[in-house]
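The block underneath contains the structure these notes are about, expressed in structure tokens.
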Amino acid sequence: MQVVKYVFQPHGDERGQLVALEEFKDIPFEIKRVYYIYDTAPGVTRGYHAHKSLEQILICIHGSCKIRLDNGREKKIVPLEKPYEGLYVSNNMWREMFDFSEDAVLMVLASDYYREEDYIRDYEEFLRFVGEDGEEKR
Ligand code: T46
């Protein structure tokens, strides 16, 4: 499994840092939605699902967390701890987010609006989905 991490360009000067993200330039899709996760309770793991078509970039803009990616054949754990790094998460990828630091803010840029129909929340269904449909999309 190839893990795709983007390293964004920080525009730093004596005042501090600024990162700008533009669709199709820094982000490989049209950004239709932004959401963020914070105040995560200790020991919590979130996610436990895949998406049929949604693509996302996950950026831990404060603190740190880890992302477990699973394409149905292979699993990888990716730490996110820099506000200028973004993890690309394709469709057909089971994801779990865990090990959040107390101050973690995980921001997500998404290629589509929120649609519950796009979620696969059952792991067996996910394995069937990538088995039948995932090969050419991965
Ligand atoms: C993903 C990972 C990384 C909305 O109303 N709109 C939204 O855009 C989102 C993302 C969520 N919600 C509601 C649905 C639930 O009632 O917020 C609640 C928590 O969502 P969920 O349990 O899906 O959160 P996570 O952290 O398990 O997963 C989220 C995204 O849903 C998912 O697409 O890839 O973050």
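Computed from the coordinates by the stated procedures, all read-outs in this text should not be read as laboratory data. Note that this is a predicted model, so its numbers are computed, not measured. Ideal geometry is used to build each Cβ from the backbone, glycine not excepted, and the neighbour counts take in all protein chains shown.
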Filtered residues of segment 1-24 (kept if assigned to a strand (DSSP E or B) and of a type outside the set (D, E, K, R)): V4, Y6, V7, P10, G16, V19
Selection within segment 30-52 - over 19 Å from V78 (Cβ atoms) and either touching a helix residue (DSSP H, G or I) at 6+ places or on another chain (Cβ under 8 Å) or surrounded by 13 or more Cβ atoms within 10 Å (Cβ to Cβ) (or both): I31, K32, R33, Y38, K52
Pair list, Cβ under 7 Å, 6 or more apart: segment 1-29 residue free of Cβ contacts under 8 Å to residues at least 60 places away in the same chain, other residue surrounded by 13 or more Cβ atoms within 10 Å (Cβ to Cβ) and among the aliphatic types (A, V, I, L, M): E23/I31
Test: residue in segment 41-56 that is at positive phi, part of a strand (DSSP E or B) and either without any contact (Cβ under 8 Å) to a residue 60 or more places away in the chain or away from the ligand (no atom under 14 Å from the Cβ) (or both): yes
